[in-house]
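Peer 1: Here it is: the structure, laid out below.
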Amino acid sequence: MTSPETSRTAKKKQDMQIKIKYMEIDDLAPAFHLGEKLFTLRAFPNLYRIWDEYEIIDFYHASSDYCFSAFADGKLVGFLLGTVIEKTKKRKYGYLVWTGVDRDYNRLGIATKLFDEFKEQCIKEQVIMILVDTQADNYQAIDFFTSKGFGDAQDHVYLSLDLSEEINESHHKRGG
Ligand SMILES: CC(C)(COP(=O)(O)OP(=O)(O)OC[C@H]1O[C@@H](n2cnc3c(N)ncnc32)[C@H](O)[C@@H]1OP(=O)(O)O)[C@@H](O)C(=O)NCCC(=O)NCCS
């Protein structure tokens, strides 16, 4: 039997008008603030990249053909920032670096629509493979990417060295 929650989501999905567009300058601030909510310090999806305003500006500046915004109810509710890496003239790789959807709009197919646009753009540009990465415990993202056909997960280990104490010590030594 279908649960009331499932049928509510199905109804919302049917009624919702979702519009996907190439990202525009006016989208940068709302997308940045949405990212701030989703990519918190406790839950970095990409451990080695930091979500800040330069990140979104850099993508918009360097690879605007691969950056998309999603609108529903007259506001920005999702985004995707990607790029293409050209290894040789014949081998292009798409790299989906950031994607996020407002929690109130999850499971309505918005990230799917953003991804479909990105993928279509990649195909147009003869990209042979799309790469993504995320933290091993970001199950939401892993389930999402798996649902889009991604597989062959490789293990990578990211290590970190905290330099804050050494910074403090050198600050004290300098009499700061
Ligand atoms: C991952 C994320 C982008 C998915 O957005 P979304 O719009 O809710 O995804 P969709 O509605 O298009 O989901 C498509 C499919 O992905 C899978 N999926 C998505 N979210 C899921 C979840 N929380 N649990 C299990 N499966 C999930 C399902 O198979 C879903 O299909 P279904 O709803 O028909 O079952 C969103 O949860 C998010 O913003 N997460 C935080 C940021 C993040 O981790 N980004 C990814 C790394 S940069």
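Peer 1: Cβ contacts < 8 Å: first residue free of Cβ contacts under 8 Å to residues at least 40 places away in the same chain, restricted to the stretch 140-168; second residue near the ligand (Cβ under 9 Å from one of its atoms) and of a type in the set (D, E, K, R), any location; separation 6+ or different chain. Result?
Peer 2: Between residues of the stretch 140-168 that are free of Cβ contacts under 8 Å to residues at least 40 places away in the same chain and residues that are near the ligand (Cβ under 9 Å from one of its atoms) and of a type in the set (D, E, K, R), the close pairs are 156/133.
Peer 1: Moving on to the next point. Give the stretch 87-119 a look and list any residue that's more than 8 Å from the ligand (Cβ to nearest atom), within 17 Å of residue 65 (Cα to Cα) and among the charged types (D, E, K, R), or say none.
Peer 2: 92, 116, 117, 119
Peer 1: Within the stretch 149-160, does at least one residue satisfy the condition of being within 16 Å of the ligand (Cβ to nearest atom) and either surrounded by 12 or more Cβ atoms within 10 Å (Cβ to Cβ) or of a type in the set (Asp, Glu) (or both)?
Peer 2: Checked the stretch 149-160: at least one residue is within 16 Å of the ligand (Cβ to nearest atom) and either surrounded by 12 or more Cβ atoms within 10 Å (Cβ to Cβ) or of a type in the set (Asp, Glu) (or both).
Peer 1: Every residue in the stretch 96-116 that is surrounded by fewer than 19 Cβ atoms within 10 Å (Cβ to Cβ) and under 22 Å from residue 61 (Cα atoms), please.
Peer 2: 116
Peer 1: Mind checking whether some residue in the stretch 123-145 is part of a helix (DSSP H, G or I), at pLDDT 90 or above, within 12 Å of the ligand (Cβ to nearest atom) and over 13 Å from the mean Cα position of the chain (by Cα)?
Peer 2: Yes, because at least one residue in the stretch 123-145 is part of a helix (DSSP H, G or I), at pLDDT 90 or above, within 12 Å of the ligand (Cβ to nearest atom) and over 13 Å from the mean Cα position of the chain (by Cα).
The values are calculated or read from the model by the stated rules, or taken from the named source; none is laboratory data. In this text, all values refer to a predicted model and were calculated from it rather than measured experimentally. Because the Cβ atoms are built from the backbone with ideal geometry, glycine has one as well, and the counts that use them run over all protein chains shown.
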